[in-house]
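A.B. asks: What follows is a single structure, and I will ask about it in a moment.
The values are calculated or read from the model by the stated rules, or taken from the named source; none is laboratory data. Remember, predicted model here, so these are calculated numbers, not experimental data. Methodologically, a virtual Cβ is constructed for each residue, glycine included, from the backbone with ideal geometry; neighbour enumeration extends over all protein chains shown.
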Amino acid sequence: MLPKRGFSLIELLLVLVVLAMLGAVVIDNLSGSLEQTQAREQVTRLSTLLRALRAEAANTGRKFHLGFDSQSGKPQVSIEKDPLGQPGVYEPYQQWWVSLVDPTETAARVVSCRRTGGDDLDESQMSLDESPDQQQAALETLCFSPSGASDSARLVVYDQDPQRPWAVEITLNGVDGSASTREMDLTQEEPQ
């Protein structure tokens with residue numbers, strides 16, 4: 001009869017080291033997934049804000065402007081309060097649904113907002129390697145009119161995490177108000 005043999009201390013330590021390494025990999029992947037999920041949710045909220053501003057302009061009969069703070073990327077919404085008495089004068093519009101788009105929750109922020117032609121075929125885009133002054137100039141203000149139309153635009157949301165860079169392009173069609181998103185593959189193309 002053979003004597004019963006257990007695990008040696010070295011074998012147990014080896015198993016614990018392998019489990020610790022696997023645990024570290026899983027935790028790293030989960031934290032990256034959580035950050036990307038938050039960034040994707042931010043993109044969804046921004047797309048929803050674009051559609052909501054179009055509807056709000058049509059419902060109130062007032063023009064709305066959407067701009068972005070150059071430092072934080074936070075959307076800034078303003079309304080033309082009195083189009084007959086003071087045309088072209090806009091005041092900040094503070095509604096609860098505007099504040100839902102808060103880029104401070106994630107590292108992702110709007111780095112480019114450029115109006116495109118009405119046919120949405122303008123291919124001019126911005127490289128993320130441009131200087132901050134050029135990036136700030138690329139944060140154009142969008143107009144939403146009471147007729148239901150808006151400026152057509154391309155917005156780029158970029159997460160500058162060095163370990164997991166991530167970018168999404170949002171294309172706003174000013175004619176029908178649709179907002180489509182396209183995740184950019186940063187391994188093959190430079191985000192613009």
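A.B. asks: Do any residues in the stretch 18-44 that are over 18 Å from Thr181 (Cβ atoms) have Cβ atoms under 9 Å from those of residues that are modelled with pLDDT under 75 and surrounded by 14 or more Cβ atoms within 10 Å (Cβ to Cβ), where the two are at least six apart or on different chains, and which pairs are they?
C.D. replies: Close Cβ pairs satisfying both conditions: Gly32/Asp161; Gly32/Arg164.
A.B. asks: Quick check on the stretch 164-184: of everything there that is in contact with a helix residue (DSSP H, G or I) (Cβ under 7 Å, 6 or more places away or on another chain) and β-branched (Val, Ile, Thr), which residue is surrounded by the most Cβ atoms within 10 Å (Cβ to Cβ)? First the steps, then the outcome.
C.D. replies: Pass one, the stretch 164-184, residues in contact with a helix residue (DSSP H, G or I) (Cβ under 7 Å, 6 or more places away or on another chain): 164, 166, 168, 170, 172, 177, 179, 181.
From the residues that got through so far, the ones that are β-branched (Val, Ile, Thr) too are 168, 170, 181.
Working: Val168: 22, Ile170: 20, Thr181: 15.
That would be Val168.
A.B. asks: Would you confirm whether or not the stretch 64-79 contains a residue that is over 16 Å from Ala108 (Cα atoms), out of contact with any Cys (no Cβ under 9 Å at 6 or more places or on another chain), free of Cβ contacts under 8 Å to residues at least 40 places away in the same chain and not polar (S, T, N, Q)? Explain how you work it out, then say what you get.
C.D. replies: First, the residues of the stretch 64-79 that are over 16 Å from Ala108 (Cα atoms): 64-67, 76-79.
Imposing the further condition that a residue be out of contact with any Cys (no Cβ under 9 Å at 6 or more places or on another chain) reduces the set to 76-79.
Still in the running and free of Cβ contacts under 8 Å to residues at least 40 places away in the same chain: 76-79.
Narrowing the set further to residues that are not polar (S, T, N, Q) leaves 77, 79.
The answer is yes; a qualifying residue exists.
A.B. asks: In the stretch 59-69, how many are within 13 Å of Glu80 (Cα to Cα) and small (Gly, Ala, Ser)?
C.D. replies: Filtering the stretch 59-69 for residues within 13 Å of Glu80 (Cα to Cα) gives 60-66.
When the remaining residues are screened for being small (Gly, Ala, Ser), the result is 61.
Residues that pass the stated criteria total 1.
A.B. asks: While we're on this one: Taking the stretch 93-152 only, how many residues are surrounded by 15 or more Cβ atoms within 10 Å (Cβ to Cβ), hydrophobic (A, V, I, L, M, F, W, C) and modelled with pLDDT under 65?
C.D. replies: Going through the stretch 93-152 one residue at a time, the tally reaches 2.
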